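Please treat every number below as a calculation from the coordinates, not as lab data. This structure is a prediction, so every number in the text was calculated from the model and none was measured. Here the Cβ is made from the backbone with ideal geometry for all residues, glycine too, and neighbour counts use every protein chain on show.
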Amino acid sequence: MKNFNCLAAFIGGAIIGAAAGLLFAPEKGTDLRKKIMEALRKRGIRLNAKEMNTLVDEIAEELQNAEE
């Protein structure tokens, strides 16, 4: 359960950080997706391609909703 809480906190922090970055420097969607994937990998989140794309899609969607 502790690992799940850490992962949830990390993902929440990643979303907030990505949202702040998006607000200060808007980019093309494909560039933003690549940066999100790189940031997740640097922080040790190792997922297969399908799982990574799903997570990036969810984060990008949250960012777009926050923007509106």
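Given [x] 20, 14, 10; [y] 51, 12, 10; [z] 24, 16, 11, which label gives semi-axes √(5λ) of the Cα gyration tensor in Å as computed from the coordinates?
[x]
Ignoring the sites themselves, what is the longest stretch of the chain with no trypsin sites (Lys or Arg not before Pro) in a DSSP loop and at most 12 other beta-carbon atoms within 10 Å?
Numbers: sites that count: LYS28, ARG43, ARG46.
Answer from the scan: 1-27.
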